[in-house]
1. So how many Å³ per residue does the convex hull of the Cα atoms of the protein assembly as shown work out to?
2. Between the helical axis of B:2-17 and the dominant principal axis of chain B, each derived from Cα atoms, what acute angle in degrees is found, rounded to the nearest 10?
3. Give the span of segment A:14-57's Cα atoms along each principal axis, as three whole-Å numbers ordered largest to smallest.
4. Give, in nm to one decimal, the length gained when the segment between residue B:277 and residue B:365 is fully stretched (0.36 nm per residue of separation minus the Cα-Cα distance).
5. If packing is taken as the average count of other Cβ atoms within 10 Å, what order do B:168-177, B:152-161 fall into, highest mean first?
6. Set the Förster distance to 22 Å, then compute FRET efficiency between residue B:185 and residue B:96 from the Cβ-Cβ distance, nearest 0.05.
7. Using the count of nearby Cβ atoms within 10 Å as a rough guide to exposure, how do B:334, B:266 rank from fewest to most?
8. Over the whole of B:239-245, what's the average partner chain Cβ count within 10 Å per residue? Rounded to a whole number, please.
């Protein structure tokens, strides 16, 4: 998992730095209509989504 | 005595000088996505015989074969294009051709290898012998706007058909003159996500993500333009979430029908290839990713997106329904049939294994250790249109 992006944008700390964490967590939970990003709410809580965002903004464990 | 000795000596010399001859028809390779390596395999022995490292980022890597079956072209996600000699088990040549690639294809005459790219969006053509860049077609669908390219397939006439995810078009580029390709454009629909050419090379299909349906272009009569089929299969006004984009390829055509993944739905759609009308829907246990027919077309094997990616359903095309449900391992990412279909090889990414099953008895007949295996590609693809 290189997080360099494909159909979606790259998810490296440098790409995410200027984005609000709450918005990123909402994207994970609710998806982004009109794009391939699906909502993941059936698989995780908002707290878990926030944890993922936190990890992505620092450096995701390999 | 002296005669015997010299005879033995000649034998010995021969043994040293002549490499062991072998063909390539039963060889293949397995992508090990996390570690940037490939394992070379023999489908007769059902064993690996070599491992090659140093291929860069192989997540979502794909492979096409030269028609001699000896050389494999591996397209890495990081834009790396690597030519591998399966007989010598080594890298012949490697170039970095773009920033973010998604696959490739090889021309009808075997002389041109084409890569399809997300960034910068477009296709690039390389000399299959030297990997020297011949030409490129930027996917500039509007002034200054470039599209990600998906669904690239070789089609007769040294042409390539592909779709533009952002541009919503199907393009057909003619490489009769490899240095000056000529491109025709056809409006297709919202967000094509992948494409396939039928095994006879006549029809190009682009699955649509942004709307219900599949765009169909008759390459024998391209002037008629692309039309839509399966327009109302029911992903609905409120789009169902899609946890992994399905893959399309000519393997989905069997017995006069195309078996296509219903995007977002737990169904395989069945289309009559003569009329392009929907003739059935087969319920399955997840969102289909690969819907692959066994070479004889009697069975269609289906794997699924997360969270159902440990399951496999097998459709009997005569019965028109699932006849076998399997849970062979964790993270079943890909499958590949032996050239005539008696075995299927499955990559179980999270078990770090490739599993080999008998397709009649569904009994496991072997497994091979592999590091995060994803794509499996056998040389039997070398002679097929659209592979």
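1. 168 Å³
2. Tilt relative to chain B: about 30 degrees.
3. The Cα atoms of segment A:14-57 stretch 26, 23, 12 Å along the principal axes, largest first.
4. My answer for the length gained is 27.8 nm.
5. Listed from highest to lowest mean packing, they are B:152-161, B:168-177.
6. For R0 = 22 Å, the calculated efficiency reads 0.15.
7. Ranked by crowding around the Cβ, least crowded first: B:266, B:334.
8. Across B:239-245, the average partner-chain Cβ count within 10 Å equals 4.
Values in this text are rule-based calculations from the coordinates and carry no lab data. It should be emphasised that the depicted structure is a prediction, and the values quoted were computed from it without experimental measurement. Every residue, glycine among them, receives a Cβ derived from its backbone with ideal geometry; neighbour counts consider all protein chains shown.
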